[in-house]
Amino acid sequence: LPILVGNITNPSIGAANPGGTTGCAPLEICFPLNNFSSNHPSTIYIVDYGDGSPIDTLSHPPPDQLCHSYTVASCGSTPSNSYTFTVYAVNFCDVSVATITPIRIFEVPVANFMAPIENCVNTTMTFNNMSSTGYNNLCSPFTNSMWNFGDGNTFSSITLDDVTHTFT
């Protein structure tokens, strides 16, 4: 069996915080990478975006920046309610790590309801509210609904309860 001997050092890797790491989904963030040019050609780079998306494995040299679209709220994902971007530089000698945190992703509520297709005048109509809750900048679930029935009447609600209205 041949024995592979390498005269290399531990790899280096750096990731710069691009700013703008807080916002509503979907949010694309591009992470600048640096300090990798002198790494041995056998070095690989393992990238974890921190949001449960698939891990990326890159050969040397990696790109100067990695862009990722965060589509799911970070609220509830960790005790800090944030994601951490991590890139590992790995070679036969050792592993080096660079991280960027916090990455905070929020979601807006999404309106979704069902109502009867037909209804008689002066009869109460129930709108089944199937909307989803969003998360604000404190990771508190929130829903602020403004119902406009098209007949001059409106209704404001902070819950996902079903709503009734009588058209006259």
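The values are calculated or read from the model by the stated rules, or taken from the named source; none is laboratory data. Owing to the predicted nature of the structure, the values given are computational and were not obtained by experimental measurement. A quick note on method: Cβ atoms are made from the backbone with ideal geometry, for glycine too, and the neighbour counts reach across all protein chains shown. Please note that ligands, DNA and RNA were not included when accessible areas were found on the heavy atoms of the full protein model with its side chains. Shrake-Rupley method; radii C 1.70, N 1.55, O 1.52, S 1.80 Å.
The rows are residues; the columns are (1) in contact with a Leu (Cβ under 9 Å, 6 or more places away or on another chain); (2) hydroxyl-bearing (Ser, Thr, Tyr); (3) at pLDDT below 95.
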{"residue": "Leu1", "(1), (2), (3)": "no, no, yes"}
{"residue": "Asn7", "(1), (2), (3)": "no, no, yes"}
{"residue": "Pro11", "(1), (2), (3)": "no, no, no"}
{"residue": "Leu33", "(1), (2), (3)": "yes, no, no"}
{"residue": "Asp48", "(1), (2), (3)": "no, no, no"}
{"residue": "Pro54", "(1), (2), (3)": "no, no, no"}
{"residue": "Ser59", "(1), (2), (3)": "no, yes, no"}
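From the list Ser59, Ser80, the lone residue that is free of Cβ contacts under 8 Å to residues at least 60 places away in the same chain, closer than 21 Å to Cys139 by Cβ and not hydrophobic (A, V, I, L, M, F, W, C) is Ser80.
The residues of segment 104-138 that are without any contact (Cβ under 8 Å) to a residue 12 or more places away in the chain and either closer than 30 Å to Gly50 by Cβ or under 29 Å from the mean Cα position of the chain (by Cα) (or both) amount to a single one, Leu138.
Restricting Phe106, Phe85 to residues that are at pLDDT 95 or above, within 30 Å of Val47 (Cα to Cα) and surrounded by 13 or more Cβ atoms within 10 Å (Cβ to Cβ) narrows the list to Phe85.
Restricting attention to segment 1-51, the residues being out of contact with any Lys or Arg (no Cβ under 9 Å at 6 or more places or on another chain), part of a loop (DSSP other than H, G, I, E, B), in contact (Cβ under 8 Å) with a residue 60 or more places away in the chain and surrounded by 16 or more Cβ atoms within 10 Å (Cβ to Cβ) number 3.
Residue count for segment 127-168, restricted to those that are among the polar types (S, T, N, Q) and open to solvent by 60 Å² or more (accessible area, probe 1.4 Å): 9.
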